[in-house]
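Structure record follows, encoded as structure tokens.
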Amino acid sequence: MNIVVTGGAGFVGSAIAVSLKLNHPAYCITCVDNLRRRGSEMNLEKLAAHGIKFQHGDIRHQGDFPDEHFDVLLECSAEPSVLAGYNSPPNYAIDTNLGGTVNCLNECRKRMAHMIFISTSRVYPIRLLSNAGIVNVGKRFMFSDSQAQAGISAFGVSERLPIVGFGPRSIYGTTKAASEMLCEEYASAYGLPITINRCGVLTGPGQLARADQGVFAFWMLCHVLRRPLKYIGFDGLGYQSRDLLHIEDLARLVSLQICNPDKWNLCTFNVGGGPENTLSLFETSELCRAITGHSLDIFPCKEDRPMDIPCYYSDNRNILAYENAWKPSKTADETLQETFDWMWPIRATLERVLFSR
């Protein structure tokens, strides 16, 4: 089995590549990455230690893909910030997230390789999520039982929620939604085997997070380093909530999909931690404080961020029914503890890499 992982030096790509190699030593895995994201070079030693090839390349350029045959392409590359393109030109996000997907599809078409596309919950329109019925559960926003829009319920957001026709979803989300549509077109036009995982917040040890992407790891890192934080928007209470999925749980799912491509062909599933692994920022602060022993003054900022939403968590019922060998195994508490255990010994390095100018 020959596998190419794009974005392979990033958190998601490198973690899944290592997990696959540990569980399937005979797999030949090549990670491709342009190393643009700060800190991604830290993963190269880990890849080499597990016998995973690395090729410096940019999916925006067709000639940067491996020349040899491969059976599976795992598409993990992205400019993943929901704020991408709002304070700077959108070109990189569009060229990478959409143009790069086209190049990946064309490379798969040459080889009739199975493409597993890591998509995002951000494909759903902001208006549908912002107008959903919300209730306070303790210090957390959750979806209510009563909803006017099909596809949202107390179980979370399901695949029934429309991704087009209801307004914007951020530049990042739009590039991923357009990429999903192209995946469907290539599958129909060329018989290309394609699987789409529409993920919530992916996190866990190894994530070099930022304020606008990877919120749970970022929150833990700021507690580890005693750096200031803010509750932005929604009255500055910190009640906005997201579900989190440990990266190892996604890796287990990808392994199942690689081993049985016929079963997973033309499948699109919402994949996340679900309501039982959902935390608000306020609750995340409490957990980080308990784990690190560091108490931070977190300041309220009532001004909403562009494209922010009060609540999102995945309705996993469809994928759980489709594949009874998979479900999230790591709790939110375990995931944050493991993240801390990874960060603490290298905290000085993380501060230098992520915060020094």
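Check Ser19, Ser14 and return the single one that is in contact with a strand residue (DSSP E or B) (Cβ under 7 Å, 6 or more places away or on another chain), touching a residue at least 60 places away in the same chain (Cβ under 8 Å) and of a type in the set (S, T, N, Q).
Exactly one of Ser19, Ser14 is in contact with a strand residue (DSSP E or B) (Cβ under 7 Å, 6 or more places away or on another chain), touching a residue at least 60 places away in the same chain (Cβ under 8 Å) and of a type in the set (S, T, N, Q), namely Ser14.
Are there any helices (runs of 4 or more DSSP H) wholly within the range 189-281 with 2 or more residues that are touching a Ser or Thr at 6+ places or on another chain (Cβ under 7 Å), and if so which?
So the answer is 215-225, 247-259.
Among the residues of the range 56-90, which ones are closer than 23 Å to Val254 by Cα and surrounded by fewer than 15 Cβ atoms within 10 Å (Cβ to Cβ)?
Hits for the range 56-90 are Glu68, His69.
Within the range 38-79, count every residue that is in contact with a Gly (Cβ under 6 Å, 6 or more places away or on another chain) and among the basic types (Lys, Arg).
So the count comes out to 1.
I'd like the residue in the range 130-153 that is of a type in the set (Ser, Thr, Tyr) and in contact with a strand residue (DSSP E or B) (Cβ under 7 Å, 6 or more places away or on another chain) and, out of all such residues, is nearest to Asp304 (Cα to Cα).
Ser144
Being assigned to a strand (DSSP E or B) and in contact (Cβ under 8 Å) with a residue 12 or more places away in the chain is the filter here; which residues of the range 130-168 pass it?
Within the range 130-168, Ile134, Asn136, Phe141, Met142, Phe143, Ile152, Ser153, Gly156, Val157 qualify.
Restricting to the range 282-318, name every residue that is among the aliphatic types (A, V, I, L, M) and not in a strand (DSSP E or B).
Of the range 282-318, the ones among the aliphatic types (A, V, I, L, M) are 287, 290-291, 296, 298, 307, 309.
Listed by number, the residues that qualify are Leu287, Ala290, Ile291, Leu296, Met307, Ile309.
When the range 70-97 is examined, which residues are found to be farther than 23 Å from Ala15 by Cα and in contact (Cβ under 8 Å) with a residue 60 or more places away in the chain?
Leu83, Ala84, Gly85, Tyr86, Pro90, Ile94
Could you grab me the full set of residues in the range 1-26 that are assigned to a loop (DSSP other than H, G, I, E, B) and farther than 20 Å from Cys104 by Cα?
Listed by number, the residues that qualify are His24, Pro25, Ala26.
Limited to the range 306-348, what total is found for residues that are touching a residue at least 40 places away in the same chain (Cβ under 8 Å) and over 20 Å from the mean Cα position of the chain (by Cα)?
Number satisfying all stated conditions: 6.
We did not get these values from a lab; they are worked out from the coordinates using the rules stated. All values reported here derive from a predicted model rather than from experimental measurement. Glycine also receives a Cβ, built like all others from the backbone with ideal geometry; neighbour counts cover every protein chain displayed.
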